[in-house]
Amino acid sequence: MTDLNNRRLDAAAFDAERGEVLQGWATGAGVCFADALRVQEALPVEKRFAVALAEADAQGHTLLQPRAGVALVREHVALLNGLSPYCDVLPTTIDAYTRHNRYAEAQEGIDRSRAAGTSLLNGFPAVNHGVEGCRRLVEALEKPVQVRHGTPDARLLAEITLAAGFSSFEGGGISYNIPYAKHVPLERSIRHWQYCDRLVGRFEEAGISINREPFGPLTGTLVPPFVSHVVAILEGLLALEQGVKCITLGYGQAGNVAQDIAALRSLRRLANHYFLNAGFTDYRLTTVFHQWMGGFPEDESQATAVICLGALVARQARATKIIVKTPHEASGVPTLEANQAGLKATRQMVNMISDQNRVDSPDIQMEIDVIEAEVHAVMREILRLGGGDVARGAVLAFAAGVMDVPFAPAKANLGKLTPVRDNHGAIRLFDVGNVPLPADVLAFHRDKIAERARAERRDPSFNMVVDDVRAISASKLVGRPA
Amino acid sequence: MTDLNNRRLDAAAFDAERGEVLQGWATGAGVCFADALRVQEALPVEKRFAVALAEADAQGHTLLQPRAGVALVREHVALLNGLSPYCDVLPTTIDAYTRHNRYAEAQEGIDRSRAAGTSLLNGFPAVNHGVEGCRRLVEALEKPVQVRHGTPDARLLAEITLAAGFSSFEGGGISYNIPYAKHVPLERSIRHWQYCDRLVGRFEEAGISINREPFGPLTGTLVPPFVSHVVAILEGLLALEQGVKCITLGYGQAGNVAQDIAALRSLRRLANHYFLNAGFTDYRLTTVFHQWMGGFPEDESQATAVICLGALVARQARATKIIVKTPHEASGVPTLEANQAGLKATRQMVNMISDQNRVDSPDIQMEIDVIEAEVHAVMREILRLGGGDVARGAVLAFAAGVMDVPFAPAKANLGKLTPVRDNHGAIRLFDVGNVPLPADVLAFHRDKIAERARAERRDPSFNMVVDDVRAISASKLVGRPA
Amino acid sequence: MSGDSQGYKVVLGVIGADCHAVGNRILTSVLTQGGIEVVNLGVMVSQDEFIDCARAEQAGAILVSSIYGHGELDCQDFRARCEERGLGDIVLYVGGNLVIGKQEFAAVEAQFRDMGFDRVFRPTVDLAEVIALLKSDIDQRRPAGLRNSRALPAERLSA
Amino acid sequence: MSGDSQGYKVVLGVIGADCHAVGNRILTSVLTQGGIEVVNLGVMVSQDEFIDCARAEQAGAILVSSIYGHGELDCQDFRARCEERGLGDIVLYVGGNLVIGKQEFAAVEAQFRDMGFDRVFRPTVDLAEVIALLKSDIDQRRPAGLRNSRALPAERLSA
């Protein structure tokens, strides 16, 4: 970590690096920043992600966005245009080979998909299709489109997709490493994402606002709100430093309604607090709520109920955007029809809740207090470790287990923190690992878990955690003994 | 109304009336009370409705019940046994001809259904099938089964079904007249339901508990909670007087979450208040929540979202039982599969909410206060009109419009009271008609409607009501101008 | 508009043993605002009640609703009954949930058109569309001397 | 139990570019409690890594997970590769969301059995059942001299 720090990348060094990045795959040669600006400038207002978000934020609306990506351009266009009437903003989910920069394997997936007449890739290999293929895609759509992926080194992907008219880019140096990679050093992915953010900053400086969205849900499994909040705040700060202006911070549904509403409300407040404290004022902050990211029930009616609970909570908490799941969730990549079904159910629920009273309760306020205390404690230690530099602080914090994401595959993550549900289904800490939470907060977690243990007449153990992970797909929130 | 009053029916007069009732259709000859007691005594505990309700109430569980009924016994058995794994208690929905004692037309429906190989009736014609046919049904099931109908004069239906081992009977002299008939005088239907309640009372005296469930949702369309609560309390008092002991009071989802939770909570409290005040102590009170009874969206995913909102609210309010809708609701009688789908979605939502924190908020408390003030005001006037007799009071109150059910077909109902949604979707009174609500409550309704009118920049009018009635099926709660 | 010789007068009701009153109230309100004079028989109306009323009122159309699924039984021979009673030419509409269970609408439509109904509607039909069709169909069936050369423009539904 | 010559040792991992770690953690925990020694390679494991490890550890089975839909590409020729490397007889299981999109499980099962997998599981399979099958299958494949006459009774999953 000799040279990592949270400072804006130097222009000359950035340009030199760009030269290398564009050589990562043959299609890199098709990228030209001047052309990219022209493409973005020519986008009609209804295809600009930042505009859609700003309008939703101003009018108090909640946008719906599905996930979708297939191997070939024509099929992907058809898929997105089939979803477009049911959603507000479009996705392009990138395939797993591209996420690991394995473009040769992605090419093989393209070729075999062509031969098979069906997509054998779990997403759209945007790098392989290049600026030209991606432009054909963007031009064939009528709504803003975002790149959604999971790529530790997304520099070439960002160059190609932004040059083609994508107007939002998901991910971040932490959130697209810890849950998505195994051996990538954190300092490397953060550095690579500084490049992506700086690229977006250059667009902003040229008057083109590109939305950036750190990935909120992380591993999507029993993630305590403070853990994803800290990552969101860190990635927000890193992005702002590189000149990003339009930021959407995310949170993945945990299941307990009070905790989820508290999480989404506190996320906006905490982020503003840290952004303003760091001296940033010229930014536009919105939020995104991910419907349940854990295991789904196989039955489609039951899956729809899981989707509906997420829709209700997202709207009650006034999220700017919802990432929508489908009734096929338990079976992997959904059909167009299943994706439409998820959107329609979500829309109906959002519409029914839209006008209703703001939800508030002592439980929600208590959860907000706990989350804020946790975030402040961890952020304080991260800033201390980094000597005030959040990039260095983040790397050191993960190495020390001061930050720790449950169930993450990355070696860069300690993996000692272990969450479990309490008796009401809220996520608490069974094992705090090395995370420096205040004593009163730890006592609160202990008491809440003890309450559940008494109710279930069993000691807290990893079995409880295993039961919780499998609970929703078995039609429960809390994994009780049979 | 020369002889109607709220007194227990005289034994000799009841027996004489029974002789006439059993001559209403040929199958009446098959009824024998001594045999009926033996049939009920022989029912295993898992087929007794009162037991299922008492256990759910004691353990804080919420039971699920679908609606279902087809013309022929064998097909109806198959239908109920197809639903049984997905629900807790079973229904038998009676066809519309039987509800109007048009047994000859019901017989024609049976015959034509046999010929067509598919049910042409919208329910099970229990009177035509007689004690013998109904016993075959009850014996073929593994769960308690209830008669659900809409019959102003249900005396013969009650005799036959209770003699056959049905252990719960829905309806009441008001709730099965006002929304279900056109020309039936209220004093007549109340008198006929005193008979049904007295019949149940005789079973209770012989040690057999039969559950009675006044029909909560009435017309199912923008019914203000106080309106259905007053009917529920009146029918509860009428039933208790005849010796009924096991009562389930109902409420139909109105759509606004705070108002719905408040309604279900206040229902139990208000009913206990009036029952105890009338000197009754030996009864078991439970509640039933009806998922949205108004128009549904045609799309099945959207319909499932409507079902899921009802499931969530019912469980948050801790209803003892939920009457479950299906994704086919907009298209009328559902298939077995659609009915299963509604139950599975409801179960998933109920399970996910089950363990969560009790929901409370100032909004809910305010709605409870409003509902209680309204119910007390109307009940006071009903008791005054009846000189302390709720049977006479109810008849006089409907005649005077002191009680008034919106959108009811019955001539016995004045039809001046007109509800409309407020800006948050709660049901308020656009026109109170002759209902004697306190001035402060009326001012509250006026203010709430004025708030919506300002938001929509239009004056309150019947157009607003029309828009509200059509709103849910058009994917909204409040019917706003386009 | 109502009472005018070029006006549009219809008889409306819910057929059979069906007591669903909500849609009937809504239809009456919307049709009236759409410039149609509605004679509303309410719920639980028999075929003969519809026909008696249409004759007495010289109505241009009968609008039959059925929500509860017995439409197939209740509407049987409705057109034949109209013909017997000298109303063979009257415009006959039916709408609602006409059969038991979810069936392909095209099949249901064909079935009820076979029974002699001129148009068949789903419960979710756009009522502005019904009003426009109704006026046009009534105009078409008027005795030649009374027929408008063009249907009057549909009054706009008030916002 | 582990280390015992009659014990059950398996190599577990998530194949290809798949980084879904949750199920892997759960499987490791449940299998271990079920009396199976698990050598867990974690996520993003190549065919050769599975095979190298199974050889080095003398494991009785390889358990391949795939959640992200590329199973069809990643698992291609796995049995053939095992055979090349002298592990032709090893018990080979695969489970997860193995293909893109919702497909009939029977078809997916047939497809992966054709690739040489002994058993194919849905993601929602009962893990107690997997443990029982795994022990029985490993016993069946043991060299005759080492084979148990009967499989050891499956250890009970702790409540």
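The values are calculated or read from the model by the stated rules, or taken from the named source; none is laboratory data. Predicted, not measured: the structure shown is a model, and the values here were computed from it. Virtual Cβ from ideal backbone geometry, glycine too; neighbours counted across all protein chains shown.
Under the condition of being touching a Ser or Thr at 6+ places or on another chain (Cβ under 9 Å) and within 14 Å of chain C (Cβ to nearest Cβ), which residue from the stretch B:308-336 is farthest from B:Ser84 (Cα to Cα)? Before you say what the answer is, go through the steps one by one.
Pass one, the stretch B:308-336, residues touching a Ser or Thr at 6+ places or on another chain (Cβ under 9 Å): B:308, B:310-311, B:314-315, B:317-322, B:324-328, B:330, B:333-335.
Remaining after also requiring within 14 Å of chain C (Cβ to nearest Cβ): B:325-328, B:330, B:333-335.
Details: B:Lys325: 15, B:Thr326: 15, B:Pro327: 18, B:His328: 19, B:Ala330: 23, B:Val333: 18, B:Pro334: 16, B:Thr335: 14 Å.
Applying the filter and picking the extreme gives B:Ala330.
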Residue in the stretch D:47-57 that is within 12 Å of chain A (Cβ to nearest Cβ) and of a type in the set (D, E, K, R) present: yes
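Would it be correct to say that C:Val64 is surrounded by 15 or more Cβ atoms within 10 Å (Cβ to Cβ), within 30 Å of B:Met293 (Cβ to Cβ) and within 14 Å of chain B (Cβ to nearest Cβ)? Walk me through it before giving the result.
Numbers: surrounded by 15 or more Cβ atoms within 10 Å (Cβ to Cβ): yes; within 30 Å of B:Met293 (Cβ to Cβ): yes; within 14 Å of chain B (Cβ to nearest Cβ): no.
No, not satisfied.
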Criterion violated by A:Ala239 - all others in (1) of a type outside the set (Ser, Thr, Tyr); (2) in contact (Cβ under 8 Å) with a residue 60 or more places away in the chain; (3) assigned to a loop (DSSP other than H, G, I, E, B) satisfied: (3)
Residue match in the stretch A:429-452 (condition: within 11 Å of chain D (Cβ to nearest Cβ), in contact with a His (Cβ under 9 Å, 6 or more places away or on another chain) and outside any helix (DSSP H, G or I)): no
Filter result for the condition that a residue is surrounded by fewer than 19 Cβ atoms within 10 Å (Cβ to Cβ), aliphatic (A, V, I, L, M) and within 14 Å of chain A (Cβ to nearest Cβ), over D:Val130, D:Val99, D:Val125, D:Val108: D:Val125
Hits in the stretch B:386-416 (condition: away from chain C (no Cβ under 14 Å) and aromatic (Phe, Trp, Tyr)): B:Phe398
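Given the residues A:Gly28, A:Gly24, which is the only one that is touching a residue at least 24 places away in the same chain (Cβ under 8 Å), surrounded by fewer than 20 Cβ atoms within 10 Å (Cβ to Cβ) and touching a Leu at 6+ places or on another chain (Cβ under 7 Å)?
Numbers: A:Gly28 fails: surrounded by fewer than 20 Cβ atoms within 10 Å (Cβ to Cβ).
Sole residue among the options that is touching a residue at least 24 places away in the same chain (Cβ under 8 Å), surrounded by fewer than 20 Cβ atoms within 10 Å (Cβ to Cβ) and touching a Leu at 6+ places or on another chain (Cβ under 7 Å): A:Gly24.
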The stretch D:33-43: number of residues that are part of a strand (DSSP E or B) and under 14 Å from D:Cys19 (Cβ atoms): 0
Breaking point among (1) of a type in the set (Asp, Glu); (2) touching a Gly at 6+ places or on another chain (Cβ under 6 Å); (3) closer than 17 Å to B:Ala345 by Cβ, for A:Asp299: (2)
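Being surrounded by fewer than 19 Cβ atoms within 10 Å (Cβ to Cβ), within 30 Å of A:Leu120 (Cβ to Cβ) and assigned by TED's automatic domain parsing to the domain that holds A:Ala126: is that true of A:Gln65 here?
On the way: surrounded by fewer than 19 Cβ atoms within 10 Å (Cβ to Cβ): no; within 30 Å of A:Leu120 (Cβ to Cβ): yes; assigned by TED's automatic domain parsing to the domain that holds A:Ala126: yes.
When the stated conditions are applied, A:Gln65 does not pass them.
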Selected residue (criterion: nearest to the other protein chains (Cβ to nearest Cβ)) from residues of the stretch B:62-113 that are assigned to a loop (DSSP other than H, G, I, E, B) and free of Cβ contacts under 8 Å to residues at least 40 places away in the same chain: B:Arg102
Residues located in the stretch C:44-76, provided they are under 21 Å from B:Glu108 (Cβ atoms), assigned to a loop (DSSP other than H, G, I, E, B) and without any contact (Cβ under 8 Å) to a residue 60 or more places away in the chain: C:Met44, C:Ser46, C:Ile67, C:Tyr68, C:Gly69, C:His70, C:Gln76
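Restricting attention to the stretch C:85-121, which residues are part of a strand (DSSP E or B) and of a type in the set (A, V, I, L, M, F, W, C)?
Step one: list which residues in the stretch C:85-121 are part of a strand (DSSP E or B), which gives C:91-96, C:119-121.
Those that are part of a strand (DSSP E or B) and of a type in the set (A, V, I, L, M, F, W, C): C:Val91, C:Leu92, C:Val94, C:Val120, C:Phe121.
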Single unsatisfied condition, A:Gly388 versus (1) in a helix (DSSP H, G or I); (2) surrounded by fewer than 23 Cβ atoms within 10 Å (Cβ to Cβ); (3) small (Gly, Ala, Ser): (1)
Among (1) surrounded by fewer than 22 Cβ atoms within 10 Å (Cβ to Cβ); (2) within 14 Å of chain D (Cβ to nearest Cβ); (3) more than 27 Å from D:Phe105 (Cα to Cα), the one test that A:Glu298 misses: (3)
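For the stretch B:200-228, give me each residue that is under 16 Å from B:Gln146 (Cβ atoms) and free of Cβ contacts under 8 Å to residues at least 60 places away in the same chain.
Filtering the stretch B:200-228 down to residues under 16 Å from B:Gln146 (Cβ atoms) leaves B:200, B:203, B:208-217.
The answer is B:Val200, B:Arg212, B:Pro214.
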Residue selected from the stretch A:246-278 under the condition within 17 Å of A:Lys321 (Cα to Cα) and within 14 Å of chain B (Cβ to nearest Cβ), by the criterion nearest to the chain's Cα centre (by Cα): A:Gln253
Condition broken by A:Gly425, with the remaining ones in (1) more than 30 Å from D:Leu41 (Cβ to Cβ); (2) more than 9 Å from every other protein chain (Cβ to nearest Cβ) satisfied: (2)
Set B:Val466, B:Val435: member being of a type in the set (Val, Ile, Thr), surrounded by 19 or more Cβ atoms within 10 Å (Cβ to Cβ) and without any contact (Cβ under 8 Å) to a residue 24 or more places away in the chain: B:Val466
Residue list for the stretch A:344-385, restricted to those being more than 7 Å from chain B (Cβ to nearest Cβ) and among the polar types (S, T, N, Q): A:Thr346, A:Ser354, A:Gln365
Restricting the stretch B:138-151 to residues that are closer than 22 Å to B:Ala26 by Cβ and surrounded by 24 or more Cβ atoms within 10 Å (Cβ to Cβ), the residue that is farthest from the other protein chains (Cβ to nearest Cβ): B:Val147
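Being within 11 Å of chain A (Cβ to nearest Cβ), modelled with pLDDT under 95 and surrounded by 13 or more Cβ atoms within 10 Å (Cβ to Cβ): is that true of D:Leu87 here? It would help to see each step written out before you state the result.
Numbers: within 11 Å of chain A (Cβ to nearest Cβ): no; modelled with pLDDT under 95: yes; surrounded by 13 or more Cβ atoms within 10 Å (Cβ to Cβ): yes.
So D:Leu87 does not fit the description; no.
Tell me, which residue of the stretch B:152-201 that is aromatic (Phe, Trp, Tyr) and not in a loop (DSSP other than H, G, I, E, B) is surrounded by the fewest Cβ atoms within 10 Å (Cβ to Cβ)? Give the steps one after another, and end with the answer.
Start the filter on the stretch B:152-201 by keeping residues that are aromatic (Phe, Trp, Tyr), which leaves B:166, B:169, B:176, B:180, B:193, B:195.
The next check asks that each one be not in a loop (DSSP other than H, G, I, E, B); those that pass are B:169, B:193, B:195.
Values: B:Phe169: 25, B:Trp193: 30, B:Tyr195: 22.
Checked the stretch B:152-201; the qualifying residue surrounded by the fewest Cβ atoms within 10 Å (Cβ to Cβ) is B:Tyr195.
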